[in-house]
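Chemist: First, the structure itself, so that you have it in front of you.
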Amino acid sequence: MKRIFSGVQPSGRLHIGNYLGAIKSWIKLQDKYKCIYGIVDYHAMTVKYSPDDMQKRVLDCATSYLAIGLDPKKSSLMIQSAVKEHTELAWILNTITPISWLTRVPTYKEKSSQHPDDLNIGLLDYPVLMAADIILYKADAVPVGEDQLSHLELTREIVRRFNYRFGRVFPEPKSILSSGARIMGLDGKSKMSKSLNNCIYLDDTPDDIRKKLARAVTDPQRQRRNDAGNPDVCNIFSLHKLFSISEEIERVNKECRTAEIGCVECKKILAKNMSNDLTPIREKKLELNKDIDYVKDVLLAGIKESKIIAMETMEEIKQKIGVKYTFL
Ligand code: TYM
């Protein structure tokens, strides 16, 4: 069976960007691939974070994975730092990755302007650890949002260089993008992101959703209720396409252009549909939180399964790179 690896940083509650851009598609892929879904805690350490909260955030992420529909009978759910081969392989990949490949990565440029006084090597090296996450399991495909494509491209470059230098070990992983690959934040300007306070979280209540959508930016040209709107440039309409049924999408599209429907009503319809989708996830999370030992057991089993593959790959790599010593 072909393999998949993907992951989320436990840097805060999961939002609908994570869900629509990545995790929703992970569920379908479980039947076709052997899937390993990680909680990539070492990645979440490249910016300032609170060590005291890490355990809570990792468990929250695992609970969300299960609530959304990841099935531990089909997939392995694991924690990156618990499989030490991730960082071991990252070091090896560091030795074949030119610094110039890393300084041109868009997310590095962006983060280095956001955190100019905290430019640690981890921020630069971030995509190498990500490459290690993926190729440690010889993953053939990686379902991610659009913002991760440059990292995936770099992973393929690293794979080509490794295979060329030491002999073929790794497949070149392809990316799998879903229709929600780039969800914009409620400000309508930037990508939805935990760090930008522009999110709808997966465990927001219908009331939270209604209030947040009420403040969300729509078509900037539409100033008054009677102005005709343009759904093509409206973030709320993009969300309708992902949460509403086709009749409603068509209705909103048509009636917005003729000013038959205003932004307030349009947002109410979206809030209802979004709540219908997210409420079962929120409720399932509440249920799982009451049985947190089950969530921990799922992680322990997933770590065990991942470790078997990781150790196998590391043996093969060590052989190839000449550090498998016969006298040890
Ligand atoms: P992270 O934690 O930022 O996001 C997790 C996943 O959610 C997607 N995503 C979005 N998709 C659409 N619209 C958005 N606004 C949005 N925001 C986030 C991301 O594209 C991602 O798929 N570097 C990764 C974590 C990682 C990883 C890996 C992923 C580490 N190692 C190996 C895949 C394979 C990250 O920061 O994701």
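Chemist: Could you tell me the number of lysine pairs in the range 248-328 with C-alpha atoms less than 17 Å from each other, where the two lysines are 8 or more residues apart or belong to different chains?
Modeler: Taking the Cα cut-off of 17 Å, the pair count is 7.
Chemist: Ordered by residue, what ³J(HN,Hα) values in Hz, to whole numbers, does the range 152-162 give under the Karplus form 6.51 cos²θ - 1.76 cosθ + 1.60, where θ = phi - 60° and Gly and Pro are x?
Modeler: For the range 152-162, the Karplus curve yields 5, 4, 5, 4, 5, 5, 5, 4, 4, 5, 4 Hz.
Chemist: Separate question: For the pairs 28/191; 28/48; 24/84, flag any whose C-alpha to C-alpha distance is greater than 31 Å.
Modeler: 28/48
Chemist: Specify the longest stretch of the chain that does not include any exposed loop site, a site being one of the chymotrypsin sites (Phe, Trp or Tyr not before Pro) with a non-H, G, I, E, B DSSP assignment and at most 13 other Cβ atoms within 10 Å.
Modeler: With a cap of 13 other Cβ atoms within 10 Å, the longest stretch comes to 1-324.
Chemist: What are the ³J(HN,Hα) values, in whole Hz, obtained from phi via the Karplus relation 6.51 cos²θ - 1.76 cosθ + 1.60 with θ = phi - 60°, for each residue of the range 141-148 in sequence order, with x given for Gly and Pro?
Modeler: 8, 9, x, 9, x, 4, 5, 9
Chemist: Taking 8 Å as the Cα distance limit and 6 or more residues as the minimum spacing, I'd like the relative contact order of the chain as a percentage.
Modeler: 23 percent
Chemist: Right, something else. Report the charge-dipole magnitude of the chain in Debye, nearest 20, computed about the Cα centre from +1 at each Lys and Arg Cβ and -1 at each Asp and Glu Cβ.
Modeler: 480 debye
Chemist: Rolling a 1.4 angstrom probe over the protein heavy atoms, how many square angstrom per residue are accessible across the chain?
Modeler: For the chain, the per-residue accessible area is 50 Å².
Chemist: With all protein chains present and a 1.4 Å probe, how do 317, 245 order by accessible area, largest first?
Modeler: Largest to smallest exposure gives the sequence 245, 317.
Chemist: Out of residues 5 or more away from residue 35 or on other chains, whose amide H comes under 5 Å of its own, with H placed 1.01 Å from N in the peptide plane?
Modeler: Here 4, 76 satisfy the definition.
Chemist: While we're on this one: For the chain, set up a Gaussian network in which alpha carbons nearer than 10 Å are linked by springs, and say which option among 36, 261, 79 fluctuates the most.
Modeler: Maximum fluctuation in the GNM of the chain, among the listed residues, is at 261.
Chemist: Could you give the dipole magnitude of the range 282-328 about its Cα centre, charging the beta-carbon of Lys and Arg +1 and that of Asp and Glu -1, in debye to the nearest 20?
Modeler: Charge dipole, the range 282-328, about its Cα centre: 180 debye, nearest 20.
Chemist: Given the protein chains as shown and a 1.4 Å probe, how many square angstrom of residue 13 are accessible, to the nearest 10?
Modeler: Here the accessible area works out near 100 Å².
Chemist: About the Cα centre of the range 206-286, how large is the charge dipole given +1 on each Lys and Arg Cβ and -1 on each Asp and Glu Cβ? Please answer in debye to the nearest 20.
Modeler: 340 debye
Chemist: While we're on this one: Find how much the distance from residue 247 to residue 208 grows on full extension, using 0.36 nm per residue of separation minus their present alpha carbon separation; answer in nm with one decimal.
Modeler: Between residue 247 and residue 208, full extension yields an extra 11.5 nm.
Chemist: For labels at residue 217 and residue 264 in the simple 7 Å Cα→Cβ model, what's the distance in nm?
Modeler: 2.3 nm
Chemist: Out of residues 5 or more away from residue 15 or on other chains, whose amide H comes under 5 Å of its own, with H placed 1.01 Å from N in the peptide plane?
Modeler: When sequence neighbours closer than 5 places are left aside, the close amide H contacts are 202.
Chemist: Of all the accessible heavy-atom surface of the chain, with the other protein chains kept in place and a 1.4 Å probe, what percent is carbon and sulfur?
Modeler: Whole-percent figure for carbon plus sulfur exposure: 53.
Chemist: Out of the range 72-169, which trypsin sites (Lys or Arg not before Pro) are coil in DSSP terms and have no more than 14 other C-beta atoms within 10 Å?
Modeler: When the trypsin sites (Lys or Arg not before Pro) of the range 72-169 are filtered for loop state and at most 14 Cβ neighbours within 10 Å, 73, 74, 84, 104, 168 remain.
Chemist: Let me check I've understood the local charge: for residue 253, count other residues with C-beta under 13 angstrom from its C-beta, Lys and Arg +1, Asp and Glu -1. What total comes out?
Modeler: -3
Chemist: Still on this structure: Projected onto the charge dipole of the range 206-286 (+1 at Lys/Arg Cβ, -1 at Asp/Glu Cβ, origin at the Cα centre), which of 274, 243, 286 gives the Cα projection farthest towards the positive end?
Modeler: Comparing the listed Cα positions along the dipole, 286 ranks first.
Chemist: For the range 206-286, what does the relative contact order come out to in percent, with C-alpha contacts under 8 Å and a separation of six or more?
Modeler: With pairs under 8 Å counted, the relative contact order is 35 percent.
Chemist: Could you give each residue of the range 312-317 its phi-based ³J(HN,Hα) in whole Hz, using Karplus coefficients 6.51, -1.76, 1.60 with θ = phi - 60°, and x for Gly or Pro?
Modeler: For the range 312-317, the Karplus-derived couplings read 4, 5, 5, 4, 5, 5 Hz, x marking Gly and Pro.
Chemist: Now for a separate question. Give me, ordered by chain and number, the residues 5 or more places off residue 7 or on other chains with an amide H under 5 Å from its own placed amide H.
Modeler: Those qualifying (amide H under 5 Å, at least 5 residues apart or on another chain) are 38.
The values are calculated or read from the model by the stated rules, or taken from the named source; none is laboratory data. A quick note: this is a predicted structure, and the numbers were derived from the prediction, not measured. Positions of Cβ are backbone-derived with ideal geometry, glycine not excepted, and every protein chain shown enters the neighbour counts. For accessibility, only protein heavy atoms count, side chains too; no ligands or nucleic acids. Shrake-Rupley method; radii C 1.70, N 1.55, O 1.52, S 1.80 Å.
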